[in-house]
Amino acid sequence: MGLIGMVLFSVFTYYEISNARIFVLKSFEQTVLLETNFITHWFEDNINRVRILSQLPAVRRGDMNSFLLRVELFAQHSPHVTGTTFANVQGKTLDGEDVAEREYFQRAKRGEEYIGDVVQGRHSKQWVVVFSAPVFNDKAEFVGVVISAVKVDALVRAIEGFHLGNTGETYLISESGMRIGSSR
């Protein structure tokens, strides 16, 4: 009788542990899916903003005053954008910086949009991602690139908000292994 009781207790315990493990795995999968969707949406929103700027008729015509007005409007509604600029066909930005050798400029010359890696800004020391989109005139000639640096602090805060149970922690790590933001 005692042996039967132990066998039944063991079977019950095994199934309870299995069910708990399945629940934890499903919760983890849902958290990862939410994080993935959030990150994807964040990147899509930012590249769309740059794409819109690059396709404005005034920008395509080279009207930098109109471009700067649009950038100012975008900045009012996008506090996470640290800067947006335009580089001409020679790779000179509006403030005179030469970006002709940068990957985003080289890709723009080939007609490609660009989303960079998470890097620490040279001057601001904030974690940013660079987004860019090429600009073509009405004759489909390359005339420059719109470049925008976007802080990842909002993304980091959102990612850090995702956690599993009391001990599960989520955070972003750069390619070099540095933690971006702080852990919960």
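The values are calculated or read from the model by the stated rules, or taken from the named source; none is laboratory data. The structure displayed is predicted, hence computed values, not measured ones. Here Cβ is always computed from backbone atoms with ideal geometry, including for glycine, and neighbour counts include all displayed protein chains. The accessibility values were calculated without ligands, DNA or RNA, using every heavy atom of the protein model including side chains. Shrake-Rupley method; radii C 1.70, N 1.55, O 1.52, S 1.80 Å.
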Within the chain, the percent of DSSP beta bridges that are antiparallel, given to the nearest 5, stands at 100
Could you state the angle between the C-alpha long axis of helix 2-54 and the longest principal axis of the C-alpha atoms of the chain, as a value from 0 to 90 degrees rounded to the nearest 10? 10
Ignoring ligands, DNA and RNA, what percent of the accessible area of the chain is carbon or sulfur (1.4 Å)? 57
Which far-off residues, 5 or more places away or on another chain, put their amide H under 5 Å from the one on Gly144, with H placed in the peptide plane? Val135
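Keeping every protein chain in place, order Met64, Met6, Met1 by accessible area at 1.4 Å, biggest value first, i.e. largest first.
Numbers: Met64 40, Met6 130, Met1 190 Å².
Greatest to least solvent exposure: Met1, Met6, Met64.
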So, counting K/R as plus one and D/E as minus one, what does the shell of residues with Cβ under 11 Å around Ser54 add up to? +3
What Kirkwood hydrodynamic radius, in Å, does the range 28-76 give when the mean of 1/r is taken over all pairs of distinct Cα atoms and then inverted? 12.6
For Lys125, go through the lysines and keep the ones whose alpha-carbon is under 27 Å away, minus same-chain ones fewer than eight residues off. Lys92, Lys151
Accessible area per residue, Å², the chain with all protein chains present, probe 1.4 Å: 64
Taking the simple approach of a point 7 Å from Cα along Cα-to-Cβ for both Glu44 and Gln126, what is their distance in nm? 2.5
Among (i) 32, 20, 14; (ii) 50, 16, 14; (iii) 119, 11, 9, the entry matching semi-axes √(5λ) of the Cα gyration tensor in Å as calculated here is (ii)
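Taking N as the number of residues in the range 56-143, what value does Rg over Cα atoms divided by 2.2 N^0.38 Å take?
1.10
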Among Gln55, Gln76, Gln120, the residue with the largest mean-square fluctuation in a Gaussian network model of the chain built from Cα contacts under 10 Å is Gln76
Please give the net charge around Trp42, taking every other residue with its beta carbon less than 13 angstrom from that of Trp42, where Lys and Arg add +1 and Asp and Glu add -1. -1
Estimated 222 nm signal from helices in the chain, with DSSP H stretches of n ≥ 4 weighted -39500 (n - 2.57), rounded to 500: -16000 deg cm²/dmol
Report the label-to-label distance for Met6 and Glu101 in nanometres (one decimal), using points 7 Å from each Cα along the Cα→Cβ vector. 7.5
Can you tell me the orientation of helix 64-77 relative to the chain, as the angle in degrees between its alpha-carbon axis and the longest Cα principal axis, to the nearest 10? 30
